[in-house]
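Structure first, then comments.
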Amino acid sequence: MKIYLLNPPFVVNGQELPKFHRCTRWQGIVSRGGTYWYPIWLSYAAGIIESKGHEVRLVDAPAWNWNMDDLIRDFEDFNPDMFVIETNFASIENDINISNQLKNITGSLSMMVGPATSQFSEMILNGGVDVVAKFEFDFTINDVVEAIDKGNGLEGVRGVSYMKNDTIIDNPERDYITSEELDQIPFVSKVYKEHLNVNDYLLSHTLHPMVQIFTGRGCPNRCTFCSWPKTLMGREYRIRSVENILDEFEYVSNEMPEVKEIFIEDDTFTIDKNRIKDFCIQIKERKLDINWSCNSRVGLDYETMKLMKNAGCRLLDVGFESGDDRILKNIKKGITTEDSRRFMVDAKRANLLVLGDFIFGLPGETKESAEKTIQFVKEIKPNIVQFAVATPIPGTEFYDWIIKNNYLLVNDLGESIDENGFQKCIISYPDFTKEDIESYVDKGLKTYYLSLSYIPIAFNTIFRKNGLYELKSMINSSKVLFNYFNR
Ligand code: SF4
């Protein structure tokens, strides 16, 4: 079968929004630092379907600056039996429209995937899409392809909803993919190499070009604002074997020599210290000389950090979220500011760079707590910092709390981004308004990056291994950031 996997254009005010990625944790925003994600979940699906002998075209329209005419031309040329669109909470209506336009051209089966489908399957199916896959969708797409290819109906395919005789049929949910199944998925970096251009993708905190991979899925933690455990990957932690991960590292090292860094996107890579230890030892045994970075919780200890640094780890991306313990308790983050302070001391001793993620507007936020966060960032001094506006994503506890207390200004995540794709606030509290929340994001960025005290931090980032690439990465992100300030 011929399958077309698509990250479609996002048309805002008649104009395609550049660099609009749909698969990030904070759904669909354009990054203030220039970050642009690979369509990572579609890429995993592409690898699985291709490995079964089907013909796949993977299209990332925003990465290629395609408008609708470009897309339609390419779609007609490929003439698929089935197409799959990744949607997200902010672009859902746009994506349904595009799905209908494409279906009118070839009559192929249309399918929609992404975290938003777990919450809005009815709306999507009523909008004209044929099939919706909920939660983890890479194997589910393959199950649909196999069912159609064999001439079977969708009755036996778990994890999908579809329309039959004007009635929505919700099949039972699919079990989450097991650790054994994760080891069977073709390397996503191979899919990038064959279908995409690594130079189109950027993480503002990594060396460029980079590849993003997952080595495990699911997060057992309970942060109330966090979407993926509730809308995509669940709470059950599943992992690839260390051998399988390092085979992929070796593949990148040998087949993609232009790549300067591998970023491990797992929510929970540092959760199992024994696995990390094994991973670091085997990197050394295989004599792999490649930079890698990962997300981390602040529970990571100094000894493990040192091992990671010796095995090529460059940076830890950490969700500190707030400098106020009251807020951390409200969001069930399971950490304290004291944990974060200790973590930063250890990370600096281990000579690891740190990207600190913070959010303004979480439950209980006031001007005092927001000021505390700004002071806290200045105190712990991460190498890079990101501030986000708290966005209540349907399916999360935070969303339910916002609705219950009537703090939502507009119940449409399409309104959570502006005409440039930057985050906009859609909540307001009696004592801390939408305007306050947005202004603290700008204030946080300016206070940190435009102060003299950032100069030694910048030097510390540059004067190390790969300093030239660190500098390039910093210059690229600064340009985008200044454009954001001047918008
Ligand atoms: S630890 Fe990270 S991924 Fe897990 S629930 Fe909290 S924010 Fe989400």
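For the reader, a short list of remarks on this structure follows.
- Counting residues in segment 172-192 that are assigned to a loop (DSSP other than H, G, I, E, B), more than 27 Å from the chain's Cα centre (by Cα) and not aromatic (Phe, Trp, Tyr) gives zero.
- When Leu109 is tested against the conditions (1) of a type in the set (A, V, I, L, M, F, W, C); (2) in contact with a strand residue (DSSP E or B) (Cβ under 7 Å, 6 or more places away or on another chain); (3) surrounded by fewer than 19 Cβ atoms within 10 Å (Cβ to Cβ), the lone failure is (3).
- Search result, residues across segment 441-477 that are in contact (Cβ under 8 Å) with a residue 24 or more places away in the chain, over 24 Å from Trp292 (Cβ atoms) and in a helix (DSSP H, G or I): Val441, Asp442, Lys443, Gly444, Leu445, Lys446, Thr447, Tyr448, Tyr449
- Scanning segment 336-371 for residues that are part of a loop (DSSP other than H, G, I, E, B), open to solvent by 20 Å² or more (accessible area, probe 1.4 Å) and within 15 Å of the ligand (Cβ to nearest atom) gives a single hit, Thr336.
- Contact map, segment 179-193: residues that are touching a residue at least 12 places away in the same chain (Cβ under 8 Å) and open to solvent by 10 Å² or more (accessible area, probe 1.4 Å) paired with residues that are of a type in the set (A, V, I, L, M, F, W, C) and not in a helix (DSSP H, G or I), Cβ distance under 6 Å, separation 6+ or inter-chain. Pairs shown: Ser179/Ile239; Lys193/Met256.
- Condition check for Ile374: free of Cβ contacts under 8 Å to residues at least 40 places away in the same chain and in a helix (DSSP H, G or I): no
- Boolean, Val211 is more than 16 Å from the ligand (Cβ to nearest atom) and not in a loop (DSSP other than H, G, I, E, B): yes
- One residue from Glu16, Glu55 being of a type in the set (Asp, Glu) and modelled with pLDDT of 95 or more: Glu55
- Flag for Glu379 being open to solvent by 10 Å² or more (accessible area, probe 1.4 Å), closer than 20 Å to Ile455 by Cβ and not hydroxyl-bearing (Ser, Thr, Tyr): yes
- Members of segment 105-125 found to be outside any loop (DSSP other than H, G, I, E, B) and either over 15 Å from Pro8 (Cβ atoms) or in contact with a Pro (Cβ under 8 Å, 6 or more places away or on another chain) (or both), listed by number: Thr106, Leu109, Ser118, Gln119, Phe120, Ser121, Glu122, Met123, Leu125
- Conditions (1) touching a Cys at 6+ places or on another chain (Cβ under 8 Å); (2) modelled with pLDDT under 95; (3) open to solvent by less than 30 Å² (accessible area, probe 1.4 Å): number failed by Pro39: (2)
- Checking segment 447-463 against the condition returns no match, with no residue being closer than 30 Å to Asn13 by Cα, surrounded by 17 or more Cβ atoms within 10 Å (Cβ to Cβ), among the hydroxyl-bearing types (Ser, Thr, Tyr) and out of contact with any Leu (no Cβ under 6 Å at 6 or more places or on another chain).
- Candidate set from segment 224-242 (those that are small (Gly, Ala, Ser) and under 17 Å from Glu397 (Cβ atoms)); member that is farthest from the ligand (Cβ to nearest atom): Gly234
- Some residue of segment 309-323 being at pLDDT 95 or above, within 16 Å of the ligand (Cβ to nearest atom), buried (at least 17 other Cβ atoms within 10 Å of the Cβ) and more than 22 Å from the chain's Cα centre (by Cα): no
The values are calculated or read from the model by the stated rules, or taken from the named source; none is laboratory data. This is a predicted model, so every value here is computed, not measured. All Cβ positions, glycine included, derive from the backbone under ideal geometry; neighbour counts span all protein chains shown. Quick note on the areas: whole protein, heavy atoms, side chains included, nothing else; ligands and nucleic acids left out. Shrake-Rupley method; radii C 1.70, N 1.55, O 1.52, S 1.80 Å.
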